[in-house]
There are 2 protein chains.
Amino acid sequence: MKIYDISMTIHEDMIVYKDKEEKRPHFNNKANYINADYYDTDLYMNLHTGTHFDAPLHMVKDGQTMEGYKLEKFITDVKVFNLEHLNNKITKEDLLSYDIKAGDFILLKTKNSYDTTFNFDFIYLDQSGAQYLAERSIIGVGIDALGIERAQPEHETHKVLLRRGIMILEGLTLKEVEEGGYLMIALPLKIKNVEAAPTRAVLVENL
Amino acid sequence: MKIYDISMTIHEDMIVYKDKEEKRPHFNNKANYINADYYDTDLYMNLHTGTHFDAPLHMVKDGQTMEGYKLEKFITDVKVFNLEHLNNKITKEDLLSYDIKAGDFILLKTKNSYDTTFNFDFIYLDQSGAQYLAERSIIGVGIDALGIERAQPEHETHKVLLRRGIMILEGLTLKEVEEGGYLMIALPLKIKNVEAAPTRAVLVENL
């Protein structure tokens, strides 16, 4: 069994969306071996920090919270597509050559995986690509950027996917992962009544 | 494949250790459909909230952080022991009848799993039990309480286990789970340089 960790590391200097300070996680170490006989820390974080699932409520009024995603779907076969050659966005055209079936969970590997700072021109899935994936009846899509879209009015990509209950997994790191099929285990924190959840995600070969 | 979710749900009214207010998670909903066209939330939480791993640093000065636990160990066979008949603590005596081998990961199911409020007299693993498990060279132990010990001076149970790098998984809910063998997937958030990490944990039958 070989395991790939496709999760971002959470720390105060990590990449955050658009470099916004309010998106940066903060730690509050309350006990350590100077003031106590144990070590204890609090964490303040946006729910969209690092690797995370978006639930419909994030972009759809009255949309479902994380509870809307079935537990079983967090352990799923995935197909990784290597789209590192693209320089701007992922369109329907870029996806046509791939075998995409109903029930698939697709991971989009782009050159984003090599970014070491926030890239305001990150590669995203455009509306035509989202529409195409939705028509193929996929169950989920992941990308190696903190957003699955940018610079689209009305958040079209999110809405096309989330209105159909298609899971969105953002903030993956896929540098070490080759195109192909894997078992993905992507377990979000079990948080009640929220629009997103921080997630640890791994890919497994030959479980 | 049948999956049991053995994770506590994180919300503001959840059970927190000793009912301490500073242990209670808080949500800050910054955007919603009244003030924006999307929904966005921050979470403030202690790293020992709900289901979580303790790393050695939590109770051992200069102990390892979460990075000390190998990724592969978060996906592991486990043995669930039903100890619901116990009324105070789990001792070596209580464990002697079980088959425990080197490399095992043991989950201790007690009547704690039925608590609906914080029980100051929760069932814990005492030092003799921890010492016995350590001598058997287990790799990890989980329990259905927010602490693996209480009311022991010097945190002996934690120290016996953590000094040997034995993983401690706290805050499980095992009510629905029968004694026996399972595959456990317990993925902690990937947080840098900390003494514990919130975790989503599931048991799988027949993957």
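Here are some notes:
- Failed item in (1) surrounded by fewer than 24 Cβ atoms within 10 Å (Cβ to Cβ); (2) out of contact with any helix residue (DSSP H, G or I) (no Cβ under 7 Å at 6 or more places or on another chain), with A:Q127 passing the rest: (2)
- Within the range B:33-48, the set of residues being more than 9 Å from chain A (Cβ to nearest Cβ) and either touching a residue at least 40 places away in the same chain (Cβ under 8 Å) or open to solvent by 60 Å² or more (accessible area, probe 1.4 Å) (or both) comprises B:I34, B:N35.
- Pairs linking a residue in the range A:16-32 that is closer than 15 Å to B:L43 by Cα to a residue that is open to solvent by 60 Å² or more (accessible area, probe 1.4 Å) and in a strand (DSSP E or B), with Cβ atoms under 6 Å and 6 or more positions apart or on different chains, are A:H26/A:Y44.
- Test for A:Y69: is it of a type outside the set (G, A, S) and open to solvent by 30 Å² or more (accessible area, probe 1.4 Å): no
- Count of the range A:139-191 residues, restricted to those that are open to solvent by 10 Å² or more (accessible area, probe 1.4 Å), assigned to a strand (DSSP E or B) and more than 22 Å from B:A186 (Cβ to Cβ), is 2.
- Pairs linking a residue in the range B:191-202 that is within 7 Å of chain A (Cβ to nearest Cβ) and farther than 24 Å from A:F74 by Cα to a residue that is acidic (D, E) and in a strand (DSSP E or B), with Cβ atoms under 9 Å and 6 or more positions apart or on different chains, are B:E195/A:D40; B:E195/B:D54.
- Subset of the range A:117-138 (residues that are free of Cβ contacts under 8 Å to residues at least 40 places away in the same chain, not hydrophobic (A, V, I, L, M, F, W, C) and not in a helix (DSSP H, G or I)): A:N119, A:D121, A:Y124, A:D126, A:R136, A:S137
- Condition check for B:T9: out of contact with any Asp or Glu (no Cβ under 8 Å at 6 or more places or on another chain) and surrounded by fewer than 18 Cβ atoms within 10 Å (Cβ to Cβ): yes
- Here B:D19 fulfils each of the conditions (1) on the phi > 0 side of the Ramachandran plot; (2) facing chain A (nearest Cβ under 8 Å) apart from (2).
- Here the range A:192-207 is the region considered, the condition is being part of a strand (DSSP E or B) and of a type in the set (D, E, K, R), and the residue that is surrounded by the fewest Cβ atoms within 10 Å (Cβ to Cβ) is A:E205.
- Any hit, the range A:146-156, residues being touching a Leu at 6+ places or on another chain (Cβ under 9 Å), among the acidic types (D, E) and over 21 Å from B:I3 (Cα atoms): yes
The values are calculated or read from the model by the stated rules, or taken from the named source; none is laboratory data. On a predicted model such as this, the values are computed, not experimentally measured, just so you know. A quick note on method: Cβ atoms are made from the backbone with ideal geometry, for glycine too, and the neighbour counts reach across all protein chains shown. These accessible areas exclude ligands, DNA and RNA; they are computed on the full protein's heavy atoms, side chains included. Shrake-Rupley method; radii C 1.70, N 1.55, O 1.52, S 1.80 Å.
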